[in-house]
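Below you'll find the structure, written out as structure tokens, and then a few comments.
The values are calculated or read from the model by the stated rules, or taken from the named source; none is laboratory data. Because the structure is a prediction, the values reported are computed rather than measured. Backbone-built Cβ (ideal geometry, glycine too); neighbour counts: all protein chains shown.
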Amino acid sequence: MTNQTTPPVKAIILSAGQGRRLLPLTENTPKCLLPVAGKPVLAWQIDALLAAGVEEITIITGFQVALIEELLQQRYAHHPKIKILFNPFYEVADNLASCWIARTEMDSDFLILNGDTVIETALLDKVLNSQSAPITLSVDFKNSYDADDMKVQLNADGWVQQVSKIVPPHEVNAESIGLIYFRGNGVSLFRQAVEEALRHPAELKSWYLSIIDRLAKKHWVNSCPINGFRWCEIDFIEDLARAGIVFDESAS
């Protein structure tokens, strides 16, 4: 279980996109509702958050929002702190705009979780009990990183130096898994940076991790290694099959 002295934390799940790289599976179904081992990705996320003691959950939706509303009504009607915020710009903007839609929720310690990252509760517990820092980026390690990985450079003390898909190979130490914890002044630092960025129209096409990269340059972003815990990012159809094996109920 999470540390009982930790104040309640809220979570923001970024699930506005369609997930076109998973077509035809996402022709009429948002990526976050695709099944992994018989349960929608979003349900895996919500169940893990609830089990870790995070009950205030805001889901940023866009494509086929009615289907997500239906899932919440079916599975989580008794959890009044789970709600939806609709992002009407999901077709023309990237996930920085979803963070802008959610900025009013960023008023106390919170987690951001990418809508395509399936995680287990034990991983969340590790992050929630990580060494205190304004911003904590969850990272994992592997022998080599491909073009689609969100690559991370760490210093010797584990603080993030840069995070981007285009970090030079010789500078990459880790990858971001799509889960970030904001604490203390990290909350306002991020919220203000999001508001400032979207004053510039070009930033509509930005990922929110471009903000994390900027804040890392000011030594505000630490890392939390989660190697050994179960997680999967769902980008391609083969990822769904792999996630189904990793998160098979018999292994839970």
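Numbers at a glance
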| read-out | value |
| --- | --- |
| Number of the condition not met by residue 28 [criteria: (1) at pLDDT below 95; (2) in contact with a helix residue (DSSP H, G or I) (Cβ under 8 Å, 6 or more places away or on another chain); (3) farther than 22 Å from residue 232 by Cβ; (4) not in a helix (DSSP H, G or I)] | (2) |
| Total residues in segment 31-46, condition touching a residue at least 60 places away in the same chain (Cβ under 8 Å) and not in a strand (DSSP E or B) | 9 |
| Segment 205-239 - residue that is aromatic (Phe, Trp, Tyr) and either assigned to a helix (DSSP H, G or I) or out of contact with any Lys or Arg (no Cβ under 7 Å at 6 or more places or on another chain) (or both) and, of those, modelled with the lowest pLDDT | 207 |
| Residue match in segment 133-143 (condition: touching a Gly at 6+ places or on another chain (Cβ under 8 Å), surrounded by fewer than 22 Cβ atoms within 10 Å (Cβ to Cβ) and closer than 26 Å to residue 100 by Cα) | yes |
| Some residue of segment 55-73 being in contact with a Leu (Cβ under 9 Å, 6 or more places away or on another chain) and in contact (Cβ under 8 Å) with a residue 60 or more places away in the chain | no |
| Unique residue being within 27 Å of residue 123 (Cβ to Cβ), surrounded by 14 or more Cβ atoms within 10 Å (Cβ to Cβ) and touching a residue at least 40 places away in the same chain (Cβ under 8 Å) when the list is 178, 184 | 178 |
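For every residue, the table says whether it meets (1) modelled with pLDDT under 90; (2) under 19 Å from residue 118 (Cα atoms); (3) not in a strand (DSSP E or B).
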position: 49; (1), (2), (3): no, yes, yes
position: 73; (1), (2), (3): no, no, yes
position: 85; (1), (2), (3): no, no, no
position: 92; (1), (2), (3): yes, no, yes
position: 99; (1), (2), (3): no, no, yes
position: 104; (1), (2), (3): no, no, yes
